[in-house]
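All remarks here apply to the structure that follows.
The values are calculated or read from the model by the stated rules, or taken from the named source; none is laboratory data. Note that the structure is a prediction, hence the values are computed from the model and not measured. All Cβ positions, glycine included, derive from the backbone under ideal geometry; neighbour counts span all protein chains shown.
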Amino acid sequence: AAGAPGGAGARALEVLSRVFGYDAFRGDQAAIIEHVAGGGDAVVLMPTGGGKSLCYQIPSLLREGTGVVISPLIALMADQVAALEAVGIRAAFLNSTLDPHEAQAVEQQLLAGELDLLYMAPERLVLQRTLGLLQRARIALFAIDEAHCVAQWGHDFRPDYLGLSVLAEAFPGVPRIALTATATRQTHEEITRNLRMEQAQHYVSSFDRPNIQYRIEPKDRAREQLLRLIRAEHPGEAGIVYCLSRRSVEEVAAWLSERDVPALPYHAGLDARVRQHHQERFLREDGLVIVATIAFGMGIDKPDVRFVAHLDLPKSIEGYYQETGRAGRDGQPSTAWMAYGLGDVVSQRKFIDGGDGSEQFKRNARSHLDAMLALCETVTCRRVQLLRYFGQDSEPCGNCDTCLSPPKTWDATVAAQKMLSALIRLDRERGQKFGSGQIIEVLLGRENDRSRQGRHHELSVWGIGTELSEREWRTALRQLLARGIVEAEGDYGVLVPGPQAGPVLSGETVLELAVDRAPGKASRSRGA
Ligand code: ADP
Ligand code: ZN
């Protein structure tokens, strides 16, 4: 990391082409690099694939000393360092995978000024010993990657990140750059405050990924739906399929393979060598599908992923956007497709309520889930909703399912009142609460053991909902849950009136719900 003559801008461009082999900066890269190379602090919000790495790598090369990169992704450090070394950059990492001798060698290199970049995890950096070491070295800058981990409100909070605020005082002359692909206003504010970056320049890129088509379908035998999508729109193309559990990862991968879609499983329970092998094959070979838990994808840079599919509901919009963002990094048309159903909503609620987090943690988790559900149930442009979530206004995109085939809606006020009445009557007159199945049986007036035992046929709500089919009730209920008109509660996910039930019961608001589209209907025709 030494200086060459010329303005920072010209020198940055020279490094970009000589070291990295690219001929132009993208988006805010040039401005960020110039600012940080000149000694300024920066907070950078840029979507996945936007090119954050160069924003600290090039200033590290332009400034005297070593750029220290703080990242929580210990598993990726060796790969990142290898990639840098391959282009002639002197890079190393310090983490728990090194033995004491190896760590000592890296420390010596640092002190001797022989490193351009040094990666480490936050828990390592905040040790007195490490801070002391860094004080004796020449530091070009601190880059705080995945900076949203400092936000307690966020979906990926890591307490160790809070310790990074010491850098402001301990290294007053060293520029700091915080980077993230998560950009809600709250997260942005927390990064600025918790990292003590009040003096920083802020760079907020557009989060739009116009080449990605967003589609969310009601779940109706999700695997078949997925197979139809692959066969009709992405045959022989690379894709990522996300599932919640390790078991469904294995099952879906096997199921696809049996149907001539080459697919590999990836989850944290697999042997590290197998995992590594599958990841490498996915990167190297054409047209492989990887079926994975969310353990897969951080730091994966494959430009031609043509689709990302979710077979289970993600826990937050941040997660969803990060995962879908792995599609189409090359700018070519790509699909972000998801199937979700009533069961997803209920089981995630149960999972949150039954978890052992603090009340604050559960409140956050619920509000993340609610935002995700609102996206699923929107009858307007999905992209507008997504971008608004990240604080960006936009016009309907014309390239999402709701734009391409606007959902039909119906006046569901009376149906919602019937549903709520059923919950209220069962609770008041029988002291009983039920999950979705039994409630719908009551509305349809279908006898079973539980209804005979509870004498449900004597209730005024018995059989008042026969104008809808069971399937239509499930569709309506999913939307009522998403809007907080009905809520799933407790370990069994029993249904109760939600916080938004009042105005519906009193008839103050007209409730418009969407009619479920038939699966697959909103697909784009190939080549269009
Ligand atoms: P992020 O960390 O924001 O997800 P990366 O830094 O990994 O993104 O960059 C994504 C991809 O874009 C990488 O393959 C990177 O080499 C490439 N890239 C970044 N900047 C440029 C540029 N100015 N020109 C061409 N390719 C670039
Ligand atoms: Zn749209």
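The sole residue among Leu110, Leu118, Leu62 that is closer than 30 Å to Phe296 by Cβ and either at pLDDT 95 or above or not basic (Lys, Arg) (or both) is Leu118.
In the condition set (1) in contact (Cβ under 8 Å) with a residue 12 or more places away in the chain; (2) farther than 30 Å from Leu45 by Cα; (3) away from ligand 2 (no atom under 16 Å from the Cβ), Pro407 is compliant with all but (3). Has the range 187-207 got at least one residue that is within 29 Å of the chain's Cα centre (by Cα) and within 16 Å of ligand 2 (Cβ to nearest atom)? Within the range 187-207 (the criterion being within 29 Å of the chain's Cα centre (by Cα) and within 16 Å of ligand 2 (Cβ to nearest atom)), the answer is yes, since at least one residue qualifies.
If you filter the range 376-394 down to residues that are charged (D, E, K, R) and near ligand 2 (Cβ under 10 Å from one of its atoms), you find that the one that is surrounded by the fewest Cβ atoms within 10 Å (Cβ to Cβ) is Arg382.
List, please: which pairs have Cβ atoms under 7 Å, are six or more places apart or on different chains, and start with a residue in the range 31-54 that is over 15 Å from Leu13 (Cα atoms) and end with one that is in a strand (DSSP E or B) and small (Gly, Ala, Ser)? What qualifies is Val43/Ala178; Val44/Ala178. Taking the criterion of being in a loop (DSSP other than H, G, I, E, B) and surrounded by fewer than 21 Cβ atoms within 10 Å (Cβ to Cβ), the only residue of the range 307-324 that qualifies is Lys315. Does any residue of the range 263-285 turn out to be charged (D, E, K, R), part of a loop (DSSP other than H, G, I, E, B), more than 16 Å from ligand 1 (Cβ to nearest atom) and closer than 17 Å to Met338 by Cβ? The answer is no; no qualifying residue exists.
Here the condition is being acidic (Asp, Glu), more than 28 Å from the chain's Cα centre (by Cα) and at pLDDT below 95; of Glu512, Glu487, it holds for Glu512 alone.
Residue pairs whose Cβ atoms lie under 8 Å apart, separated by 6 or more positions or on different chains, with the first residue in the range 377-394 and modelled with pLDDT under 90 and part of a loop (DSSP other than H, G, I, E, B) and the second within 16 Å of ligand 1 (Cβ to nearest atom) and of a type in the set (Ser, Thr, Tyr), are Phe390/Tyr321; Gln392/Ser206.
Does Thr475 qualify as being at pLDDT 95 or above, within 26 Å of Pro407 (Cα to Cα) and not hydrophobic (A, V, I, L, M, F, W, C)? No: the conditions fail for Thr475. Within the range 93-118, being assigned to a loop (DSSP other than H, G, I, E, B) and β-branched (Val, Ile, Thr) holds for one residue alone: Thr97. Looking only at residues of the range 397-429 that are charged (D, E, K, R) and under 19 Å from Glu487 (Cβ atoms), we find that the one that is surrounded by the fewest Cβ atoms within 10 Å (Cβ to Cβ) is Arg428. The lone criterion from (1) within 32 Å of the chain's Cα centre (by Cα); (2) crowded, with 23+ Cβ neighbours inside 10 Å; (3) more than 11 Å from ligand 1 (Cβ to nearest atom) left unmet by Tyr56 is number (3).
Can you find a residue in the range 325-346 that is within 14 Å of ligand 2 (Cβ to nearest atom), in a helix (DSSP H, G or I) and surrounded by 19 or more Cβ atoms within 10 Å (Cβ to Cβ)? No - not one qualifying residue is present in the range 325-346. What residue, among those in the range 65-76 that are at pLDDT 95 or above and among the aliphatic types (A, V, I, L, M), is surrounded by the most Cβ atoms within 10 Å (Cβ to Cβ)? Taking the candidates together, the pick is Val68.
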